[in-house]
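Derivation of every value follows stated rules applied to the coordinates shown; laboratory data play no part. All figures in this text were calculated on a predicted structure; none of them were measured in a lab. Glycine also receives a Cβ, built like all others from the backbone with ideal geometry; neighbour counts cover every protein chain displayed.
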Amino acid sequence: MQSILEIAIMSTFTALGIRKDYIQGLHELGIKVPSEIQENAIPILLKSKTDLVGLAQTGTGKTAAFGLPILQKIDVTKDEIQALILSPTRELVQQIKKQLFKYTKYANDKIFLEAVYGGEKIDIQIKKLKRTTHIVVATPGRLVDLIERGDIDVSNIHTLVLDEADEMLSMGFKQDLNRILKFTTGARNTWLFSATMPEEIQRIIKTYMDANAPRIAVNKNALINENIKHQFVKTTIKQKTNDIISYIEKRGTERGIIFCRTKLGVQSLCHQLKEEGFSVGALEGDMQQRDREKAMRAFKNERLQYLVSTDVSARGIDVRGLEFIIHHQLPEQLEYYTHRSGRTARAGKTGNSIAFILPSELERIHEIQKELHIKFKEVEI
């Protein structure tokens, strides 16, 4: 017997056009109600062959918004790559592949996915691509390598997704993106998702996408979750680490991520916290892929209580139940504040986003308040 909840979930996703076998997979993942981006994007992407521009942050349910329509459009009788999803980091690529795979758990058709990214031997990935592959999730750099070597055929793709497009540009993938967009011209549709719309993104939209492509913007105010308390503590360079230690000690068993601007900052703070006996791991760009994955796994599985990370390295983290985010330094880019804070207060829970600032950075707090329409409260440790 189906519960009333199951029937409600089914009718909600069914109304969007999602097949029953995929809804079963969503149900198992605890995805009960479509998010705003899913509600708006899925019907458009299922019903028509169209380009699409989505303005949405991490944590808004983008992966399902583009992933479910892609899965439903795959023709399993064809042994060819039909969809290509580009994302900025290895972690995000792995995460997207994993999510899509989970959606297909009860699917009637067997859909084959592969992930390709730097940091793993290219020969292993080439070998995997020789098997039946319907969907490829990739970082731009590795994909260009594979195309230029003639080891991947993207001539038959009908859907190209640019996920976190602004992040791909800020990480220096502009040239690679342009080459991929030129390689894959033809009857494909491009679905672009970005947290912000800088000039470069608008240029890509203008050059490679249909001028009449529907645009969906998740309510800007909803991007900053109302369940997050924004706080700051005035400190000094000398006192900052001690203040952070006092803060996390008071939070007891609560879990959180501490953001630093630089790799060196991450290494130094992680070392200091370990010396004090905290259960903490680091995540930064100079680490070996194997070590990054080990740290991510340990944090996800709650073997680590805290993670110290740079902004880019944290892009692949999707960990629920984090009670707080600490800003060791405020980020240079405004959207990074949104990305960082969005790691807490997921799934209707509350969370704290706390910045440890020098008195000279008070002006930056006012700027963030004004730009993001949020209110910071000064607290003492």
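Couple of notes before you dig in:
- This model, with +1 at the C-beta of Lys and Arg and -1 at the C-beta of Asp and Glu, gives the range 300-381 a dipole about its Cα centre of some 460 debye.
- The angle between the Cα long axis of helix 4-16 and the longest principal axis of the Cα atoms of the chain comes to about 60 degrees, rounded to the nearest 10.
- Rounded to the nearest 20 debye, the dipole size of the chain about its Cα centre is 620 debye, using +1 on the Cβ of Lys and Arg and -1 on the Cβ of Asp and Glu.
- Computed from point charges on the beta carbon alone (+1 for Lys and Arg, -1 for Asp and Glu), the dipole magnitude for the range 1-153 about its Cα centre is near 240 Debye.
- Taken one residue at a time, the phi angles of the range 130-146 give Karplus couplings (6.51, -1.76, 1.60, θ = phi - 60°) of 6, 7, 4, 9, 9, 10, 10, 10, 8, 8, x, x, 5, 4, 4, 4, 5 Hz. Gly and Pro are set to x.
- Burial ordering of PHE232, PHE376, PHE13, PHE259, fewest other beta-carbon atoms within 10 Å first: PHE376, PHE232, PHE13, PHE259
- The label point for THR262 and the one for HIS27, both projected 7 Å from the Cα toward the Cβ, are 5.3 nm apart.
- Residue exposure proxy: VAL233, VAL308, ordered by other Cβ atoms within 10 angstrom of their Cβ from fewest to most, comes out as VAL233, VAL308.
- Relative contact order (%) - criterion: Cα under 8 Å, at least six apart; region: the chain: 18
- Which of TYR103, TYR336 has the fewest Cβ neighbours within 10 Å, and the rest in rising order: TYR336, TYR103
- Spin-label model, LYS174/VAL379: points 7 Å from Cα along the beta carbon direction are separated by 4.0 nm.
- Per residue, the convex hull volume that the Cα atoms of the range 270-334 enclose (Å³): 107
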